[in-house]
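The values are calculated or read from the model by the stated rules, or taken from the named source; none is laboratory data. Every value quoted in this text rests on a predicted model; they were computed, and no experiment measured them. Cβ atoms come from the backbone with ideal geometry, glycine included; neighbour counts cover every protein chain shown.
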Amino acid sequence: MNVTANNTGIGIGIRTFRFKATKHNKQSTIFELIDGNAANSFITQEVKLERFQRYSNAIGIDYYLRLKNEPTWAKSELVTGLYKTTRKGILYGDRRENSNLRTLIMFKISQDFQELSLIVYPRGHNPKNQVEDIAHRI
C-alpha cells in the first residue's frame, strides 16, 4: 500500500502518514505511526479507528478517528467521522478547528485492516467537491 502526495495528484503542503495496526478489538483498532513525521502536525504517534456506535446523530459513517493526545483514549481528541467514497478502502473526513476552518483528511485502509495511510491537506484546505477525484488517484 504505497501512498504519496505525488500519486494523489496533489502538490506541496500535503503530508502523508503511514500506520501499522498494533491492537484490534471488537469496536476499535489502534495504529502506530511507522512512516511520516508527526512534528508540527496535529497527527499523533498513535491513532485509533473506532466503530460508529450510533451515540450521535451522524449519518453515513462507519468509523471515527481518534488521536492519542491525552493519557487515555477516552479523553483523547475525537477528530472526524470517516465517510465512504466510491472506491473501496478509501474514506475521507475533516478536522474542524473552529466553525469555519476545516482540513481535509483522506484515509486509505488495507483490506486486512493492518495498515492505514492518512493524507492530510494543508491547514484550512478542504476541497470536498474534489474528494471522489482524489480518491481515484490514491
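Yes or no, residue by residue, for (1) at pLDDT 90 or above; (2) not hydroxyl-bearing (Ser, Thr, Tyr):
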position	(1), (2)
35	yes, yes
45	yes, yes
69	yes, yes
72	yes, no
82	yes, yes
102	no, yes
| task | Determine whether residue 99 is over 14 Å from the mean Cα position of the chain (by Cα) and surrounded by 15 or more Cβ atoms within 10 Å (Cβ to Cβ). | result | no
| task | Determine if segment 33-48 includes at least one residue that is among the hydroxyl-bearing types (Ser, Thr, Tyr) and free of Cβ contacts under 8 Å to residues at least 24 places away in the same chain. | result | no
| message | If I go through segment 83-116 residue by residue, how many of them are in a strand (DSSP E or B) and not acidic (Asp, Glu)? | response | 17
| query | Does residue 119 fit the bill of being in a strand (DSSP E or B) and touching a residue at least 40 places away in the same chain (Cβ under 8 Å)? | reply | yes
| said: I need the full set of residues from segment 70-123 which are closer than 18 Å to residue 59 by Cα and small (Gly, Ala, Ser), in order please. | reply: 81, 93
| task | Determine, yes or no, whether residue 135 is more than 17 Å from residue 15 (Cβ to Cβ), out of contact with any Asp or Glu (no Cβ under 9 Å at 6 or more places or on another chain), surrounded by 14 or more Cβ atoms within 10 Å (Cβ to Cβ) and not aromatic (Phe, Trp, Tyr). | result | yes
| field | Among the residues listed as 77, 97, the single one being more than 23 Å from residue 132 (Cα to Cα) and modelled with pLDDT under 90 | value | 97
| message | Going residue by residue through segment 61-68, is there one that turns out to be of a type in the set (D, E, K, R), crowded, with 19+ Cβ neighbours inside 10 Å, assigned to a strand (DSSP E or B) and touching a Lys or Arg at 6+ places or on another chain (Cβ under 9 Å)? | response | yes
| query | Where residues in segment 102-114 are surrounded by fewer than 19 Cβ atoms within 10 Å (Cβ to Cβ) and within 14 Å of the chain's Cα centre (by Cα), which of them is farthest from residue 49 (Cα to Cα)? | reply | 110
| request: For residues that are modelled with pLDDT of 50 or more and of a type in the set (Gly, Ala, Ser), scanning just segment 1-27, find the one that is nearest to the chain's Cα centre (by Cα). | output: 21
| Taking segment 100-138, which residues are small (Gly, Ala, Ser) and farther than 17 Å from residue 17 by Cα? | 124
